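See below for the structure under consideration.
The values are calculated or read from the model by the stated rules, or taken from the named source; none is laboratory data. Model, not experiment: these values are computed from the prediction. We place every Cβ from the backbone using ideal geometry, glycine too, and count neighbours over all the protein chains shown.
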Amino acid sequence: MSLKIGLNLTENYSINFSTSKRSEKQIKYIVLHYTGMKKESKAIEKLCDEKSKVSSHYFIKNNGKVLRFVPDLYEAWHAGKSSWKNLKSLNKNSIGIEINNPGHQHGYKKFDQKQIYSLKKLLKYLIKKYKIKKKNILGHSDIAPYRKKDPGEKFPWNELYRFNLCHGYKLNKKNIKKFRKIKLNLIEQRKFLKNLYKMGYSRFDNRLFNKKKSILVKAFQRRFRQDLIDGKIDKECFLISKNL
């Protein structure tokens with residue numbers, strides 16, 4: 001099958017989806033994942049295996065070829081326990097795209113340019129078809145920061161932003177880098193977290209402040225400050241969060 005944008009798709013249906021059909025208007029988000037498995041063939045097998053209870057709508061292979069596992073108007077099982085803004089469980093309102101990559105547990109590596117080329121074409125098509133806002137192009141670690149790291153700090157979010165395919169900040173990177181590692185007081189840290197909550201990140205129990213804070217900050221950094229993932233709120237992160 002070939003989309004109008006010239007992207008060739010291979011239908012490779014997965015049985016793992018909810019059978020009730022949804023309307024096009026319900027599709028408001030796109031969630032990007034990496035597979036996190038050693039072998040591409042095993043990742044494909046898992047996403048189509050009835051026992052795994054997981055799937056995605058699309059799968060981008062190492063060579064850039066795209067498989068479609070679940071038609072867009074059906075709910076694939078890719079997000080799991082997740083939240084963004086006032087939504088719980090984003091499966092109902094999203095399209096999931098898996099990009100083959102071994103992930104942090106199996107020798108995490110840069111994504112192949114063939115994969116990113118196909119992803120950009122696919123995103124352009126889906127954003128236009130379902131009128132999806134750029135702010136609603138998310139990573140799995142955005143909607144499930146306390147249990148997921150994908151697509152991770154090697155994923156080229158900045159490249160997608162340059163092509164107007166996701167949300168990003170408009171600050172000069174060289175200018176704001178001088179604020180890196182400048183510590184914030186507790187009031188400023190809480191303002192930073194409020195900025196994240198406004199964006200859509202999930203709140204956490206303040207009794208677990210130190211533990212949960214670090215995890216949430218790392219999720220933010222994997223997306224918006226990828227060259228230093230330390231879980232610490234510094235002034236650079238704060239300025240980025242204000243701009244977003």
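Which of (1) closer than 24 Å to residue 142 by Cα; (2) touching a residue at least 12 places away in the same chain (Cβ under 8 Å); (3) loosely packed, with under 13 Cβ neighbours inside 10 Å does residue 19 not meet, given it meets every other one?
(1)
Report yes if some residue within the range 235-242 is free of Cβ contacts under 8 Å to residues at least 24 places away in the same chain and either in contact with a Gly (Cβ under 6 Å, 6 or more places away or on another chain) or of a type in the set (Lys, Arg) (or both); otherwise report no.
The answer is no; no qualifying residue exists.
Please list, ordered by first then second residue, the pairs with beta carbon atoms under 6 Å, 6 or more apart or interchain, first in the range 152-166 and over 15 Å from residue 98 (Cα atoms) and among the hydroxyl-bearing types (Ser, Thr, Tyr), second crowded, with 17+ Cβ neighbours inside 10 Å and at pLDDT 95 or above.
Pairs found: 161/168.
Check the range 205-227 and report whether any residue there is in a loop (DSSP other than H, G, I, E, B), modelled with pLDDT under 95 and not assigned by TED's automatic domain parsing to the domain that holds residue 88.
Yes, there is a match, as at least one residue in the range 205-227 is in a loop (DSSP other than H, G, I, E, B), modelled with pLDDT under 95 and not assigned by TED's automatic domain parsing to the domain that holds residue 88.
Looking at this structure, is residue 127 closer than 23 Å to residue 216 by Cα, of a type outside the set (Phe, Trp, Tyr) and either out of contact with any helix residue (DSSP H, G or I) (no Cβ under 6 Å at 6 or more places or on another chain) or at pLDDT 95 or above (or both)?
Here the answer is no, as residue 127 does not meet what is asked.
Please find, within the range 167-204, the residue that is farthest from residue 85 (Cα to Cα) out of those that are aromatic (Phe, Trp, Tyr) and in contact (Cβ under 8 Å) with a residue 60 or more places away in the chain.
So the residue we want is 179.
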